[in-house]
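Let me begin by presenting the structure, written as structure tokens, before commenting on it.
The values are calculated or read from the model by the stated rules, or taken from the named source; none is laboratory data. Quick caveat, the model's predicted, so the values are computed rather than measured. Note that we place each Cβ from the backbone using ideal geometry, even for glycine, and neighbour counts take in every protein chain shown. Accessible surface areas use protein heavy atoms only, side chains included; no ligands, DNA or RNA. Shrake-Rupley method; radii C 1.70, N 1.55, O 1.52, S 1.80 Å.
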Amino acid sequence: MSACLWLVVPAAGCGSRMKAARPKQYLELAGRPVIQHTLSRLHGALPAAKLCLCLDDNDVYFDPSWVPFSPWQRVSGGVERMDSVLNALQAIGSKARSDDIVLVHDIARPCVLPADLERLLDAVQRGPAGALLAAPVADTMKRDNGAGHVLRSEPRDGLWHALTPQGFRYALLRRALEQAKATGQQVTDDASAVEALGLSPELVVGRRDNIKITHPEDLGLATHILVAQRASDYSF
Ligand code: CTP
Ligand code: MG
């Protein structure tokens, strides 16, 4: 039997930086909630994946009719993103094989395109340490002095923005996140936990318009990105 593809989508955050009346995954974007866009993009490219959606237990906004995957399962969110992802990995523990592939994608990235998902999946299948979509840093980087002034400029050569999805074999990702948890390491992405094991996930160049809606102005930006993508010849 060949390895299964699992899709873990953390969607249990409260979106504090967005400063909106509801979590950002439930804000309207081009006529639909962000969560619906993201799930629909993922389903378009990976219809056979098994979805594990992490949601807050007290979520009052979620509507299961937005989920195009079948079957799929809901998992309780945790305190931090890494706790939500770990909950999902533990929830599928009895069904997942150690060499199954798990792609983790933020619900707050509704602009991901099929070609990026496919290239990422190829890289995860090839390499032993997993892979992540990433974009080379374009701006000049400054380090501050802690008081709002420049301490120095940092060379941007070799610096990347870590995007999602990030993908790993099931056993590796679970071991990495459990170890990060046990050692009190706060990781904001999955690759960081794998790196802490001494491994080197592959950087797969991803599109810069795969933004994570984080701050209020990002919603308008995402709207424009969706319009521009639809006007291009992408099929999704
Ligand atoms: N997330 C999660 N569980 C948490 C925290 C975050 O599932 N305890 C999810 C979010 O829903 C989001 C993704 O992880 O899809 C990336 O996190 P982030 O962009 O930081 O979202 P929030 O934590 O919701 O936003 P903020 O940090 O501004 O509060
Ligand atoms: Mg957060």
Next item on the list: Write down the percent of antiparallel bridges among all DSSP beta bridges whose residues are both part of region 5-231, to the nearest 5.
Entry: 45
Item checked: Under 5 Å, built H, 5+ apart or other chain: amide partners of His161 -> Ala135, Val137
Note to self: Using a probe radius of 1.4 Å on heavy atoms only, what accessible surface per residue do you get for the chain? Whole Å² is fine.
What the structure shows: 49
Checklist line | Three principal axis lengths of region 132-192 [C-alpha, angstrom, descending] | finding: 43, 25, 14
Notebook entry, point to check: Taking region 72-122, how much of its Cα-Cα pair set, in percent, is spaced more than 13 angstrom apart?
Noted result: 68
Next item on the list: Between beta-carbons, use under 14 Å as the cut-off and find the net charge around Ala49, counting Lys and Arg +1, Asp and Glu -1.
Entry: +1
Next item on the list: For region 87-160, just the Cα atoms, rotate onto the principal axes and tell me the three extents in Å, largest first.
Entry: 52, 28, 27
Note to self: Relative contact order of the chain, please, whole-number percent, based on alpha carbon pairs below 8 angstrom and at least 6 residues apart.
What the structure shows: 24
Next item on the list: Would you calculate the volume per residue, in Å³, of the smallest convex hull containing every Cα atom of region 1-76?
Entry: 103
Next item on the list: Report the normalised scattering of region 43-87 as log10 I(q)/I(0) at q = 0.19 Å⁻¹, calculated by the Debye formula with identical scatterers on the alpha carbons.
Entry: -0.65
Next item on the list: Could you calculate, for region 5-231, the ratio of the Cα radius of gyration to the Kirkwood radius, expressed as Rg to Rh?
Entry: 0.96
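Could you estimate the translational diffusion coefficient of region 1-132 from the Stokes-Einstein equation, with Rh from the Kirkwood formula over C-alpha pairs, at 10 °C and 1.306 mPa s, in whole µm²/s?
The diffusion coefficient I find is 104 µm²/s.
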Check: In the P(r) worked out for region 170-236, what percent of Cα pairs fall beyond 14 Å?
Finding: 69
Notebook entry, point to check: Across the chain, how many lysine pairs separated by 8 or more positions, or lying on different chains, have Cα atoms within less than 30 Å?
Noted result: 13
Notebook entry, point to check: Carbon and sulfur together cover what percent of the accessible area of the chain at a 1.4 Å probe radius?
Noted result: 50
